[in-house]
């Protein structure tokens, strides 16, 4: 059973394999709705918006808000400031961490209910667990950043989390004119596999901001693997990435 | 991205800077014959002042490869969506100028 809904400004898909689990799927989508109500910077009535207005003292923040802020602070330290939820205007936008955190927690809802075979995908970030309805490892295709209809790598995360950060989707009259005629140095897509989707998401975001250095950061960080695609269509995997791919 | 791409005045229009969470994005739109014909990325989150310390000598050389199409027979797809909001925000600003 698989269902996709648009929540938090992105498509979210829940798949529980062959199991008919309508109520559980409702509980998972309901959880994402709760998270959006609390963390959306696009909602006037969210807790994060109230915090940015200065209406909420730090001690009055919800437990969930405190947890997300703590993870954000830890990630900022671990990535030498490349991950920072404080925007130039001084306001806080934790959306870069909320997605992976919410997917991980939603996966916990399914696991606590005894579901062992499922995946949850939100905006291209994925937590899978167990096997698909055919009894095979869940397979994750990495999208070609130059052609949205094409897969350029197939990963079997086997319980790990997968997240991809990138610049923009091509094929919409969009091109990168970053110095026509000069060597292109940009990276356009970075996929990270981590212990869970929260790890994958926060490090994919930070490492992407590091540009060319990002893949080396992933290489030297334990328990992370990555795959970066540059603007020339060349890809660089970390040394352990291939072992997680279908040949 | 659903943006009406017709009926704009010809010219080059620069959008506002928009925060793509890990940096600032700014888009410039080129309108020719009333249609959006090209986009240029003026600002792009690659000019961070902070730098990380990577000990390259302690790392293996990473080989690179050309990307190539694989079987599309997969359960799930991972791709980037991160900057789409900032991108569209800046582009909308540019197109607003083109239509006013």
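The values are calculated or read from the model by the stated rules, or taken from the named source; none is laboratory data. The model shown is predicted, which means the values in this text are computed figures rather than measured ones. We place every Cβ from the backbone using ideal geometry, glycine too, and count neighbours over all the protein chains shown.
Summary table
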| quantity | calculated |
| --- | --- |
| Qualifying positions in the stretch A:200-233 - modelled with pLDDT of 90 or more and either surrounded by fewer than 21 Cβ atoms within 10 Å (Cβ to Cβ) or more than 19 Å from the chain's Cα centre (by Cα) (or both) | A:216, A:220, A:221, A:222, A:223 |
| Qualifying residue in the stretch B:81-88 (condition: modelled with pLDDT of 80 or more, within 7 Å of chain A (Cβ to nearest Cβ) and under 23 Å from residue A:221 (Cβ atoms)) | no |
| Qualifying position, being farther than 30 Å from residue A:220 by Cβ and out of contact with any strand residue (DSSP E or B) (no Cβ under 8 Å at 6 or more places or on another chain), among A:28, A:56, A:98, A:16 | A:56 |
| Of all residues making up the stretch A:175-199, the number that are at pLDDT below 95 and within 14 Å of residue A:124 (Cα to Cα) | 2 |
| So residue B:30, is it surrounded by 12 or more Cβ atoms within 10 Å (Cβ to Cβ), modelled with pLDDT of 70 or more, over 30 Å from residue A:13 (Cα atoms) and facing chain A (nearest Cβ under 9 Å) | no |
| Which numbered condition residue A:5 misses (of (1) part of a helix (DSSP H, G or I); (2) in contact (Cβ under 8 Å) with a residue 12 or more places away in the chain; (3) away from every other protein chain (no Cβ under 14 Å)) | (1) |
| Qualifying residues in the stretch A:92-114 (those that are surrounded by 19 or more Cβ atoms within 10 Å (Cβ to Cβ) and outside any helix (DSSP H, G or I)) - the one nearest to the chain's Cα centre (by Cα) | A:94 |
| The listed residue being on the phi > 0 side of the Ramachandran plot and modelled with pLDDT under 95, out of A:80, A:57 | A:80 |
